[in-house]
Amino acid sequence: MNNTRLALIGLGYVGLPLAVEFAKKFPVVGFDIKQARIAELSTGHDSTMEVEDAQLQAVLIKHNPTTANPPQIGLFLTSELSEIRNCNYYIVTVPTPIDIYKRPDLTPVIKATESVGKVLKKGDIVIYESTVYPGCTEEVCVPILEKESGLKFNNDFFCGYSPERINPGDKVHTVTKIKKVTSGSTPEIAKKVDELYKTIITAGTHLAPNMKVAEAAKVIENAQRDINIAFVNELAKIFNIMGIDTQEVLIAAGTKWNFLSFQPGLVGGHCIGVDPYYLTHKAQAIGYHPEVILAGRRINDSMGFYVAEQVVKLMIRKGHKIDNSRVLVLGITFKENCPDIRNSRVIDIITELQSYGCKVDVLDPWADPHEVQEEYGLTLLPNPDLNQDTAQWSLPEYDAIVCAVAHQQFKTLNLKPLMNGKTVIYDVKAILSEYDARL
């Protein structure tokens, strides 16, 4: 590993933590096409909060370490493709979203692959961490690399696949503490990829027999979780009709040693709410119609609309006029204590309430207001001092308050100053001490 020179392609929630860890041992060039992201990180600050400023600043260097003789360890940041030309390992960590029709959108990974292909040399290894369907690396990415580089796969250059397992906002299960699945396009390359990751992953690695197995392992990790959450979401709907508290049922059932603990709620983000569609896309392409996976997706994708419907029903029962009623939604990020707004299903609650004529305000101390405006066209309320009493917030009284995200700051809020005597409280995440209803 003495001659290892790494390029990290994409410096988001996955790429940056990986780049920082590798930069403690190797010369690393962090590449991102977003110049604003490079400028931000160059100041030693990460707005995603995945890497602490002190950790980032400790590895940042101002010159390209791969051009030095001998190469120097550290992280150099750039948006110039020429700066990664001297690397021999290229790790692609760009997002792989879905389009409006729930189909895989491989545009980011294709663009990243085209860029890598332009600088690829004999002996180089390209490792993909982006979530894809089984076979995608060899079927989609490799031909692009061959075309752009003029080199031959598994003769001149090689590939690996090691799926990311980043959990945004999780300060316990960080990148080095999560076991890493690795694979390569040949047995020899697989060992090299595995050895590379072993240098930073303290939790250890699992060397998969081939890249398709590693790709498949990634998509079923999140598909399995998606289906389990869909099950408890369906239970929540059933128990609501029966007048039974879902949380009390789950607590009681959880006393059995092998009962799996899952909570009902909104399923968004860039993993659980997206990855299953990559697997179902490939299944349908080979002539198999997946039923269980898609059924789970339908249930989970419907939960935001279900919550809005329940809120409106409760408001009607309390005598509210729905049109022009005021509703406060607490949280817009896809999960608690995290600034990530990608594929947040809270937007479904908001848009559905607006379709009934409700005037919806949104408060989220974690989300970036500019990102929310750009992604969802929403203007967040100015963040009040969450340490002061809500009576000092200068907000109106609301007809309904929906706690959509379990941010730590929301757990101790005194909502009474924001209530009008018949305000509906709907607690999606069951974190408030007082509520009218919850999932």
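The values are calculated or read from the model by the stated rules, or taken from the named source; none is laboratory data. In this text, all values refer to a predicted model and were calculated from it rather than measured experimentally. Because the Cβ atoms are built from the backbone with ideal geometry, glycine has one as well, and the counts that use them run over all protein chains shown. Areas reflect the complete protein model, heavy atoms only, side chains present, ligands, DNA and RNA absent. Shrake-Rupley method; radii C 1.70, N 1.55, O 1.52, S 1.80 Å.
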(request) Quick one: in region 282-305, of everything that is of a type outside the set (A, V, I, L, M) and over 20 Å from the mean Cα position of the chain (by Cα), which residue is least open to solvent (accessible area, probe 1.4 Å)? (result) P290
(message) Out of I251, I244, I229, I need the residue that is in contact (Cβ under 8 Å) with a residue 60 or more places away in the chain, of a type in the set (V, I, T) and under 23 Å from C403 (Cα atoms). Which one?
(response) I229
(request) Filter region 269-279 down to residues that are open to solvent by 10 Å² or more (accessible area, probe 1.4 Å) and farther than 10 Å from P97 by Cα and give me whichever is modelled with the highest pLDDT. (result) L279
(request) Please work out if C141 is open to solvent by less than 20 Å² (accessible area, probe 1.4 Å), under 21 Å from A283 (Cα atoms) and not in a loop (DSSP other than H, G, I, E, B). (result) yes
(message) If F26 satisfies all but one of (1) surrounded by fewer than 23 Cβ atoms within 10 Å (Cβ to Cβ); (2) more than 24 Å from K111 (Cβ to Cβ), what's the number of the condition it fails?
(response) (1)
(request) Filter region 1-32 for residues that are in contact (Cβ under 8 Å) with a residue 60 or more places away in the chain and out of contact with any strand residue (DSSP E or B) (no Cβ under 8 Å at 6 or more places or on another chain) and give the result. (result) M1, N3, G12, Y13, V14, P17, E21, K24, K25
(request) Kindly provide the set of residues from region 348-357 that are open to solvent by 20 Å² or more (accessible area, probe 1.4 Å) and either part of a helix (DSSP H, G or I) or among the polar types (S, T, N, Q) (or both), ordered by number. (result) T351, E352, Q354, S355
(request) Take V360 and decide whether it is touching a Leu at 6+ places or on another chain (Cβ under 8 Å), in a helix (DSSP H, G or I) and hydrophobic (A, V, I, L, M, F, W, C). (result) no
(request) Return the residue satisfying two criteria in turn: it lies in region 322-347 and is modelled with pLDDT of 95 or more and either among the basic types (K, R) or in a strand (DSSP E or B) (or both), and of such residues it is most open to solvent (accessible area, probe 1.4 Å). (result) R326
(request) Output the residue which, of all residues in region 95-142 that are at negative phi and basic (K, R), is farthest from the chain's Cα centre (by Cα). (result) K122
(request) Please work out which one of (1) open to solvent by 60 Å² or more (accessible area, probe 1.4 Å); (2) assigned to a helix (DSSP H, G or I) is the condition D385 fails and give its number. (result) (2)
(request) All but one of (1) open to solvent by less than 60 Å² (accessible area, probe 1.4 Å); (2) at positive phi; (3) without any contact (Cβ under 8 Å) to a residue 60 or more places away in the chain hold for L380, so report the exception by its number. (result) (2)
(request) Tell me which residues, restricted to region 1-23, are buried (at least 16 other Cβ atoms within 10 Å of the Cβ) and not in a helix (DSSP H, G or I). (result) T4, R5, L6, A7, L8, I9, G10, L11, G12, Y13, V14, A23
(message) Checking the conditions here, which among T176, T202 is in a helix (DSSP H, G or I) and either under 24 Å from the mean Cα position of the chain (by Cα) or farther than 20 Å from F158 by Cα (or both)?
(response) T176
(message) Checking the condition within 29 Å of G123 (Cβ to Cβ) and either free of Cβ contacts under 8 Å to residues at least 40 places away in the same chain or surrounded by fewer than 18 Cβ atoms within 10 Å (Cβ to Cβ) (or both), which residue from P163, P209 passes?
(response) P209
(request) Evaluate the following for K191: is it in a loop (DSSP other than H, G, I, E, B), open to solvent by 30 Å² or more (accessible area, probe 1.4 Å) and either among the basic types (K, R) or out of contact with any Gly (no Cβ under 9 Å at 6 or more places or on another chain) (or both)? (result) no
